[in-house]
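All remarks here apply to the structure that follows.
What follows draws every value from the coordinates through simple rules; no lab data is involved. If you're wondering where the values come from, they're calculated on a predicted model, not measured in any experiment. Neighbour counts run over all protein chains shown; Cβ positions are idealised from the backbone, glycine included.
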Amino acid sequence: MYEPIIIKADNLAQAWERAVIAVMQHAPERFIQAPDYLCRQRDAPVFIIVKNALNEPRIHPKAPVQPKQADEYSKNVIFGMDNPDKENKFDYTYFGRFRRYPDCEMRAEWPNVVSEDKIEETMKKIGEENSKIKIIDQVQLAIDTLKKDPSRRSIVMSSWIVARDSIKFGPKREKTSSPCISYMQPQIIDENGEKKLHLFVIMKTNDLFNAWPLNAYAIVELQKYMAEQIGVGVGSYNHLSVSMNIYEDVYGLAQELVDRPMF
């Protein structure tokens, strides 16, 4: 049955191992017919809960990721690449989507109108002046807001650009990719007199074996950075992938974790 798998762990390394074992043992197999992935995979929704995000180890000894690589990638996610021209060549980067997000005032001014005549009338009323591009640093906006109001529940950081990312076969997406992390939401909770920042991440798809260790490490580093800027502790890391997958070319390596777990 295609249903969510829930993983609870003490650290990121343990979470990865438990998730790999659970997907190999319980996730159904499906064939993916996409230009980059014409193959079979184990695939299921997976919700991973790591109670204390900074607990070590964060990189599993058998993960295809080295700590130095994870640290470098984390810096790129939080601060951008040292060479902006190199970063500009990617279809997207998480620094670009979360810290250089393109938006416009028209969307902020847009009322709840659904009929065609009202939509056209509203477009004329708002005018071209409000359609100018505005770049938003969603991370800094979240930090500034939570400093003022730690109880705020509406800080949503989105990477998704509907007109580009949802139209796979349109002119904007014919040969490009869309971000796997689509949504992040921080929450500050007072636990026994200590405020901690908990982070909730939603991914549309996630290569569990190859990519999750790097993704999770980097986003936890972002969580740590935000917590330090706000002046609170680091709490749990909560990661939901709607389609968490293990591709068939690494079934053998994944099975080694099933046969000989380390945690």
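Some notes on this structure:
- For the Cα trace of the chain, dividing Rg by the Kirkwood Rh returns an Rg/Rh value of 1.00.
- By DSSP, the beta bridges lying fully in the stretch 131-263 are antiparallel in about 55 percent of cases.
- Among E116, E56, E248: highest mean-square fluctuation, GNM of the chain, C-alpha pairs under 10 Å: E116
- CD proxy at 222 nm, helix term only [per DSSP H run n ≥ 4: -39500 (n - 2.57); per residue of the chain; nearest 500]: -10500 deg cm²/dmol
- Close amide H contacts of V234 (hydrogens built in the peptide plane, cut-off under 5 Å, sequence separation of 5 or more or a different chain): L197.
- Estimated vicinal HN-Hα couplings, Hz - the stretch 215-222 in sequence order (Karplus 6.51, -1.76, 1.60; Gly, Pro = x): 4, 5, 4, 5, 6, 5, 5, 5
- Couplings for the stretch 250-261, taken from phi via the Karplus curve 6.51 cos²θ - 1.76 cosθ + 1.60 with θ = phi - 60°, read 10, 3, x, 5, 5, 5, 4, 5, 5, 6, 9, x Hz in order; Gly and Pro are left as x.
- Each of Y92, V258, G233 was scored by the projection of its Cα onto the charge dipole of the chain, and the greatest displacement toward the positive side belongs to G233; charges sit on the C-beta of Lys, Arg, Asp and Glu.
- Residue of D117, D207, D165 that the Gaussian network model of the chain assigns the largest fluctuation, springs spanning Cα pairs under 10 Å: D117
- Distances between placed amide hydrogens fall under 5 Å for I136 paired with Y101, D103, all partners being 5 or more residues away or on another chain.
- Relative to the Cα centre, the charge distribution of the chain, modelled as +1 at Lys and Arg Cβ and -1 at Asp and Glu Cβ, gives a dipole magnitude of about 120 debye.
- Applying the Karplus relation 6.51 cos²θ - 1.76 cosθ + 1.60 with θ = phi - 60° to the stretch 60-67 yields 3J(HN,Hα) values of 5, x, 9, 6, x, 9, 9, x Hz, where x marks Gly and Pro.
- Listed residues P64, Q140, I49: farthest to the positive end of the dipole of the chain (Cβ charges): Q140
- Among V201, V250, V162, residue whose mean-square fluctuation peaks in a GNM of the chain (springs only between Cα atoms under 10 Å): V162
- Farthest toward positive dipole pole in the chain [+1 Lys/Arg, -1 Asp/Glu at C-beta], among A9, L197, V242: L197
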